[in-house]
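Following: one structure in structure tokens, then a few remarks.
The values are calculated or read from the model by the stated rules, or taken from the named source; none is laboratory data. From a predicted model like this one, the values you see are computed outputs, not experimental measurements. Every residue, glycine among them, receives a Cβ derived from its backbone with ideal geometry; neighbour counts consider all protein chains shown. These accessible areas exclude ligands, DNA and RNA; they are computed on the full protein's heavy atoms, side chains included. Shrake-Rupley method; radii C 1.70, N 1.55, O 1.52, S 1.80 Å.
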Amino acid sequence: WSVRNKAGAVLRAKTDTSSIATAAWDPALVASIATKASPRFTGVMLHNDSAPARGRRALLAAHLLSRWGDRMWEFAVAILLATLFGEPIAPAAAFSAAVFGSCVVLTVPPLGSWLDRTERLSAVRATLFVGNACVTVTCVCLALLTGEAAREGTLEPSVKTVLLFGGVLVFSCVAEAMSQAQSLAISRDWVIQICESDSELLASLNASLQQIDLSAAVLSPLLLGLLLNAVRPEARVLVGAAVIGGFNVCSLPLELLLTQRAYAVFAPVLAAKAHRHSDGTVHAHIHGARPHLHAMLHAPPDQAHAHAHESGGAHAHAHGDRAHAHDEQAGADIVLFEKHLEHVPGGDGGAAGGGCSARWVQYAAHPVFGASVGFCLLFLTVLDNSTLVTAYLQFRGLDPALLGLARTADAAVGLLGTLAYPHLARALGSVEAAALFSVWAFWLSLAPAGVALAAVGQTRAADEWLLACMVGARASLWSFDLAHTQAMQQRVHETERGAINACQASLSQALSVLVQLGALGWHRPAQFGLLLYASLVAVLAAALVYSAWYYTTVCTAVARCAAPPAAARQPLLPAADR
């Protein structure tokens with residue numbers, strides 16, 4: 001391509017047309033355009049072999065800080081609410097239903113579409129800042145509620161109490177939505193761009209992200225549980241809120257700095273943001289999608305295309321053989337690699353974001369839908385060693401330090417699952433086969449908890465079996481999570497990553513809300529067995545749904561590829577002529 005900039009100089013670059021035809025963004029070309037058309041990318045080190053390693057380390061360090069805060073808050077919220085209200089299950093269930101029902105289910109799909117059309121660095125910065133600020137405000141509200149309870153002797157309903165608890169719910173909703181969006185941006189978009197077509201590097205980076213998550217789950221609940229166990233029960237809420245709020249305030253600048261450093265290293269592959277229009281056009285913009293118009297010429301769509309930029313520069317070019325740029329200082333858009341592809345449901349997501357129903361239609365029509373539903377069904381359970389089961393076991397007489405140790409063992413076993421996953425995928429031949437094996441192993445690991453409860457009832461032995469089964473099942477669960485994540489990364493196009501993965505997150509949280517509602521209905525500790533058996537049925541359904549998707553999609557595709565084409569099976573000439 002060549003383009004004349006504002007000063008009249010002609011910027012030129014060459015690219016292989018075959019890379020454009022496959023919609024593969026050439027990092028060298030993107031870097032050339034970025035450094036010439038945008039001063040922000042001047043000085044990016046492209047030829048330093050250590051730069052990618054430093055960028056990945058910065059990204060992983062930022063992820064560690066983010067997940068440490070998330071895991072600490074996730075563990076503490078059940079204990080803080082149970083301590084504040086004196087009720088083990090109902091407050092935690094109401095909190096989770098409000099957060100995941102009213103916020104995550106409704107807001108994450110639009111946030112996914114927003115991620116698809118927004119500059120990557122700006123999107124992550126916004127989610128980090130808003131999320132950390134909301135957690136801090138939530139901790140302040142909890143501290144004020146503790147003061148009200150101490151002054152009145154009990155937490156009685158009043159205007160101030162209702163407003164403070166409403167603040168806890170509202171700011172927790174926003175914080176959880178931002179956490180989900182930030183996780184989608186990093187794990188379902190950034191890592192794919194960074195690894196490009198290197199599937200082994202992608203598997204390694206996915207495993208590193210999961211190992212960091214599990215390491216945070218090992219240490220943060222343990223340390224926080226020991227701290228809360230060391231203070232008086234009446235001071236637990238205040239101390240917990242102070243620790244979590246202070247951590248979020250102190251970690252935010254470091255998270256922003258580390259994210260900026262990672263982006264600076266990988267700017268050539270992260271700067272170009274591809275999106276798809278309803279007419280089938282796919283192209284990438286530097287610094288996120290920009291509003292612009294498309295108008296087809298009289299020629300067929302696969303031969304020529306014209307569009308007008310928001311700044312007014314209208315022109316036409318043939319599809320698949322041109323890449324062009326406009327001087328950013330002149331106010332024009334920068335567009336790379338225009339290409340005409342087949343229309344897909346939910347197109348135009350990059351330009352307008354689509355409506356709510358369009359996003360769900362796009363999700364349901366995607367080939368990964370069956371696998372995604374199987375994954376989401378795993379959220380329809382209380383056997384996850386999280387809020388509800390933590391509150392239940394605390395009511396059964398287990399102190400916070402023991403619950404923290406149980407979570408430590410839980411995460412340590414999960415870490416073993418992430419280490420075993422690459423070997424399992426290599427042995428079985430594909431990530432989908434590894435996921436199928438893992439989901440069935442997960443159900444078989446949890447089943448003894450139901451058998452023990454049926455045999456001995458709600459006794460200390462049943463509690464120990466429950467903890468042992470949940471801990472032992474973590475290895476297969478995290479192995480399945482890694483396998484399904486990589487399958488989604490490889491099967492979902494860049495223009496749909498945010499929308500598809502956000503709908504999956506929304507569906508999984510909607511099923512989690514059903515669990516919370518069931519806990520509200522069966523909130524007495526004596527009824528916990530009903531929740532346990534319903535959870536086992538849900539995990540079995542997840543294994544069956546994923547198996548059906550695997551045999552109807554993966555195996556069918558393999559058989560189709562292995563079969564010789566019809567033309568090869570039939571002779572070209574009659575037998576007599578041969």
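If R0 is 41 Å, what FRET efficiency do you get for Val361 and Ser197 from their C-beta distance, rounded to 0.05?
Calculated value: 0.85.
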**Fill in**
Regression test value, accessible area per residue of the range 431-534, probe 1.4 Å, units Å², expected 34
**Item:** Full-stretch length increase - Thr556, Val162 - with 0.36 nm per residue and alpha-carbon distance subtracted
**Value:** 136.2 nm
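Please work out the average accessible area per residue across the range 112-250, using the 1.4 Å probe convention, and give it in Å².
Value returned for the range 112-250: 40 Å² of accessible area per residue.
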**Request:** Express the carbon and sulfur contribution to the solvent-accessible surface of the range 123-268 as a percent, rounded to the nearest whole number, probe 1.4 angstrom.
**Result:** 68
**Request:** Arrange the residues Phe528, Phe129, Phe379 by how much accessible surface each exposes, largest first, with a 1.4 angstrom probe.
**Result:** Phe129, Phe379, Phe528
**Message:** Averaging over every viewing direction, what projected area does the convex hull of the Cα atoms of the range 357-415 cover, in nm²?
**Reply:** 5.9
**Request:** Using per-residue counts of other Cβ atoms within 10 Å, averaged over each peptide, order 468-477, 512-521, 224-233 from highest down.
**Result:** 468-477, 512-521, 224-233
**Request:** Give me the number: length gained by fully extending Val231 to Val456, i.e. 0.36 nm times residue separation minus the C-alpha to C-alpha distance, one decimal in nm.
**Result:** 77.5 nm
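Taking all protein chains in place and a 1.4 Å probe, what share, in percent, of the accessible surface of the range 405-533 do carbon and sulfur account for?
71
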